Each structure stands twice: as structure tokens, then as C-alpha cells.
Amino acid sequence: MFSESVLPLLQREMPLDNPFFCRTLRTSGLGESLVEQKVAPLLAPLLREGMEIGYCARVGEVDVRLAARGADARRLVGDGEKIVPRSLGQDANFRRGLRHPGGRHRPAVDTT
């Protein structure tokens, strides 16, 4: 309902001059520092182009948040989204999106 009714209204009434795009990728099986060591070097070119990366560690899992603003935001995050699973290889379990405590799956965050 929000995506079909409220979001189009907000986009029409309050257009973003600088679009924002974000994805959260959830990993498990590796600690935060090891995820960063494996991911950051391969994402460096995208970071130089303006993408931001954030890590959020929880017991047994690490979220990797990719975000960017501007006309190339979707491309930057999409490219990063392809790199993260390849960089972690078989060392970590990987999935897009977040899982609610009740077990329902919520798709990856798309705030465009």
C-alpha cells in the first residue's frame, strides 16, 4: 500500500534533487573485521565514485550496507551488490534483505 499510494505522492510533492539508493546485504559465518578486509579493497573504486559502505555486526552475522546519492546511485550500489558475494566467496553465507523477528522476509531496502 505504501509503495503504491504514499510513495508516489511523496515523490511528486517532494522530489529529491539528489536521489538516494541503498541495499543491505546480510552475511553470516565471518566476523565484521574479516568481512571488511575481504570487501573493502574490491569496493574501493566504487567508494571513490561516491558510494558509501557501512558494516553492522550482530551475534553471528554482519550486515553490509551499500548506499549512494546522485544520478549514478543505483548503478554504484548495483555494482557493489555484485562484488560483495564474490569477495566473500564460500567463507560466508550471504543473502539480500532482512528477516523480521517473526520470520517474515522483507526485501532488500530500495529507497529511490
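Within the stretch 1-97, considering only strands (runs of 3 or more DSSP E) that don't extend past its boundaries, which have at least 1 residues that are of a type in the set (S, T, N, Q) and over 13 Å from the mean Cα position of the chain (by Cα)?
On the way: elements: 20-28, 52-58, 61-69, 93-96.
Qualifying strands (runs of 3 or more DSSP E): 20-28, 93-96.
Selection over the stretch 1-33 of residues that are hydrophobic (A, V, I, L, M, F, W, C) and surrounded by 11 or more Cβ atoms within 10 Å (Cβ to Cβ) gives a count of 8.
All of (1) modelled with pLDDT of 85 or more; (2) surrounded by 15 or more Cβ atoms within 10 Å (Cβ to Cβ); (3) out of contact with any Cys (no Cβ under 6 Å at 6 or more places or on another chain) hold for PRO41 with one exception: (2).
Annotation note: Cβ proximity below 6 Å between a residue of the stretch 3-32 that is in contact (Cβ under 8 Å) with a residue 60 or more places away in the chain and farther than 17 Å from ALA73 by Cβ and a residue that is of a type in the set (Phe, Trp, Tyr) and not in a loop (DSSP other than H, G, I, E, B) (sequence gap 6+ or interchain) occurs for THR27/PHE94.
Restricted to the stretch 54-88, and to residues there that are touching a Ser or Thr at 6+ places or on another chain (Cβ under 7 Å) and surrounded by 15 or more Cβ atoms within 10 Å (Cβ to Cβ), the residue that is modelled with the lowest pLDDT is LEU88. Does at least one position in the stretch 89-103 carry a residue that is at pLDDT 70 or above and of a type in the set (Gly, Ala, Ser)? Yes, the stretch 89-103 contains at least one residue that is at pLDDT 70 or above and of a type in the set (Gly, Ala, Ser).
The values are calculated or read from the model by the stated rules, or taken from the named source; none is laboratory data. This is a predicted model, so every value here is computed, not measured. Cβ sites come from the backbone with ideal geometry, for glycine too, and all protein chains shown count toward neighbours.
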